[in-house]
Amino acid sequence: MTTQGNYSPGLDGIIAAETKLSFLDTVHSEIVIQGYDLIKLSESHDYLDIVHLLLHDRFPTSEEKAIQEKTLQDEYVVPEDILEILKLLPKKTHPMDGLRTGISALAGFDPHINDRSSTVNKKRAYTLLGKVPNIVANSYRVLNKQEVVSPNKDLSYSANFYYMITGKEPSAVEEKIFDQSLVLYSEHEMPNSTFTARVIASTQSDLYGALTGAVASLKGSLHGGANEAVMYMLLEAGTVEKFEQLLKQKLVNKEKIMGFGHRVYMKKMDPRALIMKKALKQLCDAKGDDLLYKMCEAGEVVMEREKGLYPNLDYYAAPVYYMLGLPIEIYTPIFFSARTVGLCAHVVEQHANNRLFRPRVNYIGVRHNHNVLSNLKP
Ligand SMILES: CC(=O)SCCNC(=O)CCNC(=O)[C@H](O)C(C)(C)COP(=O)(O)OP(=O)(O)OC[C@H]1O[C@@H](n2cnc3c(N)ncnc32)[C@H](O)[C@@H]1OP(=O)(O)O
Ligand SMILES: O=C([O-])CC(=O)C(=O)O
């Protein structure tokens, strides 16, 4: 073995970047976003406040917020050709793959594609923030043989996103909870997808490429794909007792249980999950049906007792989305849509102060003796 230095599988504990954007402070149990705690922000601010905070380092004034909303609305429409590309995809394509294709195709419509300046990157971030919800909703719709839906500028950003997916306007409570989920998913330091985006950006590749790679990363079930997987698991079980049995059986089979565990919060509950747990209770109470809440609570007890593992955000976001009437295949694309702002902010930061990512390996392969090789020549 040729050793170049310490190896940490999965880069566990390795510092990969310096950032002003966010930090998981496990000592004080805070998710620090530009100096503020995300959990507190999720109770006091909406998604568009977080967008401004991440892209401009501070909250918007009410005038700036109105201008930002108008900027986003002007970006809502997706080129017709992109919708045509989505229509050409095989109908069994997952909406995450539709989204990946759609974001990738947007690059060709950018007249300033070779400009990596912060000003243009931030402008581009608004283009993406305007169009990604449209691509998410319409890639799902097209793949499910539903009519393409146009954005409704009379609704708030989050209400319009919900409307484009479901075809109906959310109630005030649904809008608030959906928006809160977007806040919670907006930014989270250095998950695999953000690392992917920064690695791609570090070659001086563009924002669309960085985000296309990030979609592929987020699709995996160890990352964003977990929210969808959690919902299938809950539906497969159907009752509290069967869910407890299912989890125990999966543990006996040494299967990973989706929605539990986290590289950074391994011995604690993801604080974002607690907020979505409260939202789930609210939605269940309003509907007079607490089955999903009871199942999730019972699952938490089993996992803590049997494995010392705690829920991450995906565990409670999934049943919340279910209670909001959102289709399951679109849970991970919604996560991506919310994370668009965090990813864009990281790419802006990477491009503004770039050094190519190029790590080394410890070589564990064989070494051949070239004298032996020359003896083997015909
Ligand atoms: C918003 C998000 O994207 S959060 C992440 C969403 N992903 C999931 O929910 C998928 C399920 N969870 C997992 O697979 C993991 O907890 C991860 C991928 C999130 C973190 O993984 P890592 O930090 O690499 O931890 P690793 O997989 O090495 O697990 C450490 C130990 O805990 C166990 N473990 C961790 N998570 C789980 C789980 N969900 N179910 C069962 N066992 C688990 C592992 O089997 C391992 O046990 P061992 O030491 O006895 O072999
Ligand atoms: O941070 C991570 O490793 C994954 C995660 O929770 C997220 O992307 O929000």
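Read-outs: derived from the displayed coordinates by stated rules, not from any lab. Keep in mind it's a predicted model, so treat the numbers as computed, not measured. All Cβ positions, glycine included, derive from the backbone under ideal geometry; neighbour counts span all protein chains shown.
Report the label-to-label distance for GLN249 and HIS368 in nanometres (one decimal), using points 7 Å from each Cα along the Cα→Cβ vector.
Those two pseudo-labels are separated by 5.0 nm.
Run through the stretch 221-297 and list the GluC sites (Glu not before Pro) located in a DSSP loop whose Cβ has at most 14 other Cβ atoms within 10 Å.
GLU255
Straight distance only, please: which lysines reach the Cα of LYS91 with their own Cα at less than 16 Å, same-chain residues fewer than 8 apart left out?
List returned: LYS145.
For the stretch 1-85, run through the GluC sites (Glu not before Pro) and keep only the ones in DSSP coil with at most 10 other Cβ atoms within 10 Å of their Cβ.
The qualifying sites are GLU18.
Where Rh denotes the Kirkwood radius from the mean inverse Cα pair distance, what is Rg over Rh for the chain?
On the Cα set of the chain, Rg over Rh gives 1.00.
Report the per residue volume, in Å³, of the convex hull enclosing the C-alpha atoms of the stretch 226-323.
In the stretch 226-323, the Cα convex hull volume per residue is 81 Å³.
Based on DSSP H runs of at least 4 residues, each adding -39500 (n - 2.57), what is the mean residue ellipticity at 222 nm of the chain after dividing by all its residues, to the nearest 500 deg cm²/dmol?
-18500 deg cm²/dmol
Give me the number: length gained by fully extending PHE109 to ASP25, i.e. 0.36 nm times residue separation minus the C-alpha to C-alpha distance, one decimal in nm.
Stretched fully, the PHE109-ASP25 segment lengthens by 26.3 nm.
Greater than 25 Å separation of Cα atoms is the criterion. Which listed pairs, LYS254/LYS287; LYS20/LYS40; LYS70/LYS92; LYS131/LYS168, meet it?
LYS254/LYS287; LYS70/LYS92
Based on the Cβ-Cβ distance of GLN4 and ASN152, what FRET efficiency does E = 1/(1 + (r/R0)^6) give at R0 = 56 Å, to the nearest 0.05?
Efficiency for this residue pair is about 0.50.
Taking N as the number of residues in the stretch 149-266, what is its Cα Rg relative to 2.2 N^0.38 Å?
1.34
Taking 0.36 nm per residue of sequence separation and subtracting the Cα-Cα distance, how much length would be gained by fully extending the chain between LYS91 and GLU18, in nm to one decimal?
Taking 0.36 nm per residue and subtracting the Cα distance, the gain is 22.1 nm.
Please work out how much length the chain gains when fully extended from GLU297 to ALA172, using 0.36 nm per residue of separation minus the C-alpha to C-alpha distance, in nm with one decimal.
42.4 nm
To the nearest 20 debye, what charge dipole does the stretch 301-378 have about its Cα centre, counting +1 at the Cβ of each Lys and Arg and -1 at the Cβ of each Asp and Glu?
So the magnitude is around 680 debye.
Which residue, ASP179, ASP115, ASP97, has the most motion in a Gaussian network model of the chain that connects Cα atoms within less than 10 Å?
With Cα springs under 10 Å in the chain, the top fluctuation among ASP179, ASP115, ASP97 is at ASP115.
For the stretch 1-124, state the semi-axes of the equivalent ellipsoid (square roots of 5 times the eigenvalues of the alpha-carbon gyration tensor), sorted largest first and rounded to whole angstrom.
Its equivalent ellipsoid spans semi-axes of 31, 27, 16 Å.
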